[in-house]
Each structure stands twice: as C-alpha cells, then as structure tokens.
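Engineer: Please see the structure below; I have some questions.
Where a number appears in this text, it was derived from the coordinates with a stated rule and is not lab data. A quick note: this is a predicted structure, and the numbers were derived from the prediction, not measured. In this analysis, Cβ positions are derived from the backbone assuming ideal geometry, glycine residues included, and neighbour counts consider all displayed protein chains.
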Amino acid sequence: METGVTNQDNNFQEKVFTQRLDFYWQFISVYAIAMFIYFFLKGMFFEATFLRVVRDPVVILLAVFISGSAIALMYNAFRKRTIVVGKDYLVFKNRFSEKEFHLSDISVITVGREILPRTRVARTVRVIRIKVKNSTRFIKIRTSSFWNSKELINSLLSLKKGI
C-alpha cells in the first residue's frame, strides 16, 4: 500500500495508488488447502498410491487453478500498475508505459456503482468512469482493485472539482 506525498512547496499532494494483489494469494491458499485435504482423504479412505492420486482429475484441476493463479499473480506483480493523482493531472503507470491526462484533456469524471452480474447476491462495486476529450471510450477504474480505495475516490472527486 503506497500513498506518497511529493512537491509540498507548491501546496498540493500527489497521491500514488498501487494495485491490490492479495486476492491471488487467497485463491492460491484456498486451492492448495483443498488439494491437501483431497490428498489426505483419498489416501486415508481409499488407500490409493501417490501416482494414482496425482493422476486424479480433481487433483489435476486444482493444480491448474493453483498454477493459473500463481502465473496471474506473477504477471500482475511484474506489471506493477499504479495510479498517480495530482492537483491537475492523472497518470496511469505500469512498468512498461505511462499515460498522463491533464484536466484540459478530461471532459467528465463520474463516480458510480456497477452491479456485478451472475451472482446470487447482488454486489455493487464502486466504479469511476473518466471520459477523455479525444477518445470515444471511457477509462474505467474499479476502486476496489487498488489499495486505499476511499482515498482514491476522494482524490478523483477533488480532481473532478477542477474540471
């Protein structure tokens, strides 16, 4: 969780928000625990050998989930996505590129809620949509994907006041 303050002599704060990656660790640990329990129960009750348990489709499926989550974690950790909010600009950074938008480039910033489909319980996620003047598409930011999401919303709302 990085929130930095720079350039204090000009009397404004530059805030840096990094992407959250903790849910990948949660997925990996849950899948690993499930695989361990399956190994234990299969070996204890069915007296299966190690090779027979490893070739079981459930174990293969759990191994695919664990390796997929680990690859996604490494990829996103390597990309190192951040959002920098300044007094009159917004910067989207990753390890490979950086896009900077000044207030003159932004036409609309809306803060709303997005209802996630395909769930039994209707969950809403705070979403910030930014319309750039020379683009037909909106930039969509899910605030729950970044550390300190409430401060991110407040920073973008204060940036919105300058438009």
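Engineer: Helix-only mean residue ellipticity at 222 nm, the chain, DSSP H runs n ≥ 4 weighted -39,500 (n - 2.57), per residue, nearest 500. What is it?
Structural biologist: Rounded to the nearest 500, it is -13500 deg cm²/dmol.
Engineer: Going by alpha carbons, how many degrees (0 to 90, nearest 10) lie between the helix axis of 149-161 and the longest principal axis of the chain?
Structural biologist: 20 degrees
Engineer: What is the chain's relative contact order, in percent, from Cα pairs under 8 angstrom and six or more apart in sequence?
Structural biologist: 21 percent
Engineer: Now for a separate question. Would you work out if region 22-78 is rounded, prolate or oblate? Take a ≥ b ≥ c from the square roots of the eigenvalues of the alpha-carbon gyration tensor; rounded if a/c is under 1.5, else prolate when a/b is larger than b/c, oblate otherwise.
Structural biologist: Taking the square roots of the gyration eigenvalues as a ≥ b ≥ c, region 22-78 is prolate.
Engineer: Report the FRET efficiency, 1/(1 + (r/R0)^6), for ALA77 and GLU47, where r is their Cβ-Cβ distance and R0 is 45 Å, rounded to 0.05.
Structural biologist: 0.65
Engineer: Taking a cut-off of 20 Å between Cα atoms, list the lysines near LYS80, but don't count ones fewer than 8 places away on the same chain.
Structural biologist: The qualifying lysines are LYS15, LYS93, LYS99, LYS140.
Engineer: How much length would be gained if the chain were fully extended between ILE60 and ARG95, taking 0.36 nm per residue of separation minus their Cα-Cα distance, in nm to one decimal?
Structural biologist: Using 0.36 nm per residue and subtracting the Cα-Cα distance, I get 9.3 nm.
Engineer: Still on this structure, please answer the following. D for the chain, whole µm²/s, Stokes-Einstein with Kirkwood Rh over alpha-carbon pairs at 25 °C and 0.890 mPa s: what number?
Structural biologist: Roughly 130 µm²/s, to the nearest whole number.
Engineer: While we're looking at this one, here's another question. So if I take the centroid of the Cα atoms in region 139-163 and the same for region 59-78, what is the distance between those two points in Å?
Structural biologist: 29 Å
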